[in-house]
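A short write-up of the structure that comes next.
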Amino acid sequence: MKTRPTLNSGNDNATITKKFRLTLVDAAGIEVRASVAGLTFSEYVRRCALGRRIDVQYNADVILVLTRIADRVDALRNGIQENPGSTLNDEVFRAFVNECIETMQRAV
C-alpha cells in the first residue's frame, strides 16, 4: 500500500498537495504576475509564501520601445516649456499619440 509522504517523512523532495481558497480576481492577478515572472502559478505562490526572490523577465524590445516613447514625450514637454506662450496644435498632438500607440502595438 502506497502512503502519502508526511511533513516528517525525511525526504526533502517529497511533495504534497495543499488546497486553499481565493477569489477569482485574486487568482487572475496571481496568474498574471506568475506569467510575467515566467513561473507557474504554484511556483510563484511558493516563492511568495517563503519570501524567495522572484525575477521578472523583461522583454528588451518592449523596453526599448517604451524608452523611445518616453524620449518623445520628454521632447514634447521641453518644446512646450521653451515656448510657454505657444499652443499645442491638436493635429500634431494626435499624430504624436497615434505614433506612440502604433509603436506600442508593434512591440506587443
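Points to keep in mind about this one:
- In summary, the convex hull built on the alpha carbon positions of the stretch 14-57 has an orientation-averaged projected area of 3.5 nm².
- Length added when fully stretched, Leu50-Lys19, from 0.36 nm per residue minus Cα-Cα: 9.5 nm
- Other-chain or far-sequence residues with amide H under 5 Å of Ile54's (modelled H): none
- Rg/Rh ratio calculated on Cα atoms of the chain (Kirkwood radius): 1.29
- Over the chain: helical MRE at 222 nm, DSSP H runs n ≥ 4 each giving -39500 (n - 2.57), nearest 500: -19500 deg cm²/dmol
- Since only Phe41, Val73, Cys100 are under comparison, the one whose Cα sits farthest along the positive direction of the charge dipole of the chain, derived from C-beta charges on Lys, Arg, Asp and Glu, is Phe41.
Any read-out appearing in this document is the output of simple, stated calculations on the displayed coordinates, not a laboratory observation. Model, not experiment: these values are computed from the prediction. Because the Cβ atoms are built from the backbone with ideal geometry, glycine has one as well, and the counts that use them run over all protein chains shown.
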